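Notes follow the structure.
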Amino acid sequence: MSKFKIRHITKYLYEVPVRDSANQIMLYPVKDDFQEIVSQEILISGEPLVDVYKDYYGNEIGTFTHSHPHNQLIIDSRLQIITTPKELPNDQASADEQWKALAGIKFQSPYIDFLQPERFPGFAEIEKLISEQKNKNVTPLQLAKYLCNYVFENFKYKKGITTVETTLDEIWQLKLGVCQDFAHMLLVILRMSSIPARYVSGYICPNKSGMRGEGATHAWVEAYIPFYGWLGLDPTNNCIANDTHVRLAVGKNFSDCSPVKGTYRGTSDHTLEVIVTVAYEDGSSAEEHTDVVDVEPTTSYSKNSFRRFQEMQQQQQQQQQQQL
């Protein structure tokens, strides 16, 4: 059992005043036997009234509007949460029994929503990979772990190249990205394997292991394992997501789980700044980690990530040639 203090600040800064801002926040952690909310306070500039409801997947969603002209919008979530480790699956049932169980639920709700893969240039290559593994009579759990490791080994973690708008085709071509890209890729190849998979947004809390994404917003995947339930898999760190991963929301993809999103009337030029601070408490010590992301005008997203990456490579090559 671990207790964490998490502060998640989202700042929108506008060049000129904007108005009629309508926003949605998914900053309320999942509440179940493994996550206990000690306290949570969400402060929003302008002190708007926040309406909270649950969506189809059971996520809590807050909505609010800010109609008066404003130069900035600040959303400040202050959370204290206790997490409890979840017992891991033991694969006692045979591989045949488990695959038959998955075949029996593929047209049932909600599993059908988590079994529709996207096609991308590497589809045939991944299909062959999956087929080779299934011929070894592996269980769904063994295959899911194998595919998690595949993404970890074949994709490079690199910040600043991709955005939330980066497509699966681009991720496959780049072979690099951040947590949301790793999660996107694993999500699709699990679904190709007939294993229901859903996207998860949340946080990794410091556990003194140096995992990628510690103390920041994070994304991973949950795979449905027969006779067990949903198992968290973090391809960015090649590990099972357990009590150091705090779950905010689950859905088919990133758009179902975005922590903050909205629209407004006014200039398109604005800066988004996200600061996450996590304190880890184990009864004797505490750590804090702060991460700042997306501190750039949104107008810089006019080019897709693959094009920007190509331009960066060309610039580096030109610089190297000039040095020669």
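The values are calculated or read from the model by the stated rules, or taken from the named source; none is laboratory data. Just so you know, these numbers come straight off a predicted model, no measurement behind them. Counting neighbours? That spans all protein chains shown, and the Cβs are built from the backbone with ideal geometry, glycine included.
Checked against the criterion of being touching a helix residue (DSSP H, G or I) at 6+ places or on another chain (Cβ under 9 Å) and of a type in the set (D, E, K, R), segment 80-91 contains one or more residues that satisfy it. When segment 62-94 is filtered for residues that are in contact (Cβ under 8 Å) with a residue 60 or more places away in the chain and among the hydrophobic types (A, V, I, L, M, F, W, C), the ones remaining, listed by number, are L73, I74, I75, L79, I81, I82, L88, A93. Within segment 167-185, residues that are on the phi > 0 side of the Ramachandran plot and assigned by TED's automatic domain parsing to the domain that holds N238 reach partners that are acidic (D, E) and assigned to a helix (DSSP H, G or I) with beta carbons closer than 9 Å, at six or more positions or on different chains, in the pairs G177/E170.
Here K54 passes the criteria (1) of a type in the set (K, R); (2) in contact (Cβ under 8 Å) with a residue 40 or more places away in the chain; (3) within 18 Å of P259 (Cα to Cα) except the one numbered (2).
Taking the criterion of being within 26 Å of N242 (Cα to Cα) and in contact with a Cys (Cβ under 9 Å, 6 or more places away or on another chain), would at least one residue in segment 58-67 satisfy it? Scanning segment 58-67 turns up at least one residue that is within 26 Å of N242 (Cα to Cα) and in contact with a Cys (Cβ under 9 Å, 6 or more places away or on another chain). Selection within segment 97-108: residues that are out of contact with any strand residue (DSSP E or B) (no Cβ under 9 Å at 6 or more places or on another chain) and in contact (Cβ under 8 Å) with a residue 40 or more places away in the chain. The member of this set that is surrounded by the most Cβ atoms within 10 Å (Cβ to Cβ) is W99. Within segment 3-56, the set of residues being more than 25 Å from R265 (Cα to Cα), acidic (D, E), in a strand (DSSP E or B) and in contact with a strand residue (DSSP E or B) (Cβ under 6 Å, 6 or more places away or on another chain) comprises E36, E41. In the set (1) closer than 27 Å to G58 by Cβ; (2) at pLDDT 90 or above, the condition left unmet by I275 is number (1). Among the residues of segment 225-234, those that are touching a strand residue (DSSP E or B) at 6+ places or on another chain (Cβ under 7 Å) and over 16 Å from D32 (Cβ atoms) comprise I225, L233, D234. Selection of segment 153-168 for residues being in contact with a helix residue (DSSP H, G or I) (Cβ under 8 Å, 6 or more places away or on another chain) and surrounded by fewer than 18 Cβ atoms within 10 Å (Cβ to Cβ) yields Y157, V164, E165. Among the residues of segment 25-74, none is identified as under 14 Å from G202 (Cβ atoms), exposed (fewer than 14 other Cβ atoms within 10 Å of the Cβ) and aromatic (F, W, Y).
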